[in-house]
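> Take this structure, written in structure tokens, and hold onto it; I'll ask about it next.
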Amino acid sequence: MERKYDLNERLIDFAVMIIELNAKLIQSSAGNYLADHMMRAGISPSLHYGEAQGAESRKDFIHKLGILIKELREALNAMKITRKAKLVKSTEQIDAAIDECIELISIFNKSIDTAKKNSEGK
């Protein structure tokens, strides 16, 4: 039975959203610069999540999730700049990616809070 809420799959889907979005950016020096940042920052959270799953301790897990959140925030800012600078013709796709990024940041912030609370009790 497939889990309804699989964060690994959700991060992979987000990475694919970023790849598809980048293909639609207007070609310019600014567009290319932001596309590069968006690609790296938008794809890396799924890779960091894999690392977090193999963390050696709760502290290591929290640290790896912190890096994941930093990458999501970088992707979010790159998308917001791209949208505001009108470097994408249609805003529907970038708006969906921004919304998903904000939700992922919230989820992983909560995960870190939970992991910290659980480590306090030990």
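> What are the pairs with Cβ atoms under 8 angstrom where one residue, in region 98-122, is touching a residue at least 12 places away in the same chain (Cβ under 8 Å) and small (Gly, Ala, Ser) and the other, located anywhere, is surrounded by 11 or more Cβ atoms within 10 Å (Cβ to Cβ) and part of a helix (DSSP H, G or I)? Sequence gap at least six, or different chains.
Going by the 8 Å Cβ cut-off, the qualifying pairs are Ser111/Leu65; Ala115/Arg58; Ala115/Phe61; Ala115/Ile62; Ala115/Leu65; Ser119/Arg58; Ser119/Lys59; Ser119/Ile62.
> Continuing with this model, one more query. Of the numbered conditions (1) touching a His at 6+ places or on another chain (Cβ under 9 Å); (2) surrounded by 19 or more Cβ atoms within 10 Å (Cβ to Cβ), Asn77 satisfies every one except a single condition; which is it?
(2)
> How many residues, within region 94-122, are modelled with pLDDT under 95 and either assigned to a helix (DSSP H, G or I) or among the hydrophobic types (A, V, I, L, M, F, W, C) (or both)?
Applying the first criterion (modelled with pLDDT under 95) to region 94-122 yields 111-122.
Okay, now just the ones that are also either assigned to a helix (DSSP H, G or I) or among the hydrophobic types (A, V, I, L, M, F, W, C) (or both), so 111-120.
Within region 94-122, residues that are modelled with pLDDT under 95 and either assigned to a helix (DSSP H, G or I) or among the hydrophobic types (A, V, I, L, M, F, W, C) (or both) number 10.
> So, in region 29-46, how many residues would count as being farther than 14 Å from Ile81 by Cα and either at pLDDT below 95 or not hydrophobic (A, V, I, L, M, F, W, C) (or both)?
Residues that pass the stated criteria total 5.
Residue by residue, here is whether (1) open to solvent by 20 Å² or more (accessible area, probe 1.4 Å); (2) within 26 Å of Asp113 (Cα to Cα) holds:
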| site | (1), (2) |
| --- | --- |
| Leu11 | no, yes |
| Leu21 | no, no |
| Pro45 | no, yes |
| Ala55 | yes, yes |
| Lys64 | yes, yes |
| Leu72 | no, yes |
| Lys84 | yes, no |
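> Something else now. Only one of Glu51, Glu120 is touching a Lys or Arg at 6+ places or on another chain (Cβ under 6 Å) and surrounded by fewer than 17 Cβ atoms within 10 Å (Cβ to Cβ); which?
Of Glu51, Glu120, the one residue that is touching a Lys or Arg at 6+ places or on another chain (Cβ under 6 Å) and surrounded by fewer than 17 Cβ atoms within 10 Å (Cβ to Cβ) is Glu51.
> Given the options Lys24, Lys59, Lys86, name the one that is of a type in the set (Lys, Arg), at positive phi and more than 15 Å from the chain's Cα centre (by Cα).
Of the residues listed, the single one that is of a type in the set (Lys, Arg), at positive phi and more than 15 Å from the chain's Cα centre (by Cα) is Lys86.
The values are calculated or read from the model by the stated rules, or taken from the named source; none is laboratory data. The structure displayed is predicted, hence computed values, not measured ones. Here Cβ is always computed from backbone atoms with ideal geometry, including for glycine, and neighbour counts include all displayed protein chains. Side chains are part of the model used for accessible areas, which takes the heavy atoms of the whole protein and leaves out ligands, DNA and RNA. Shrake-Rupley method; radii C 1.70, N 1.55, O 1.52, S 1.80 Å.
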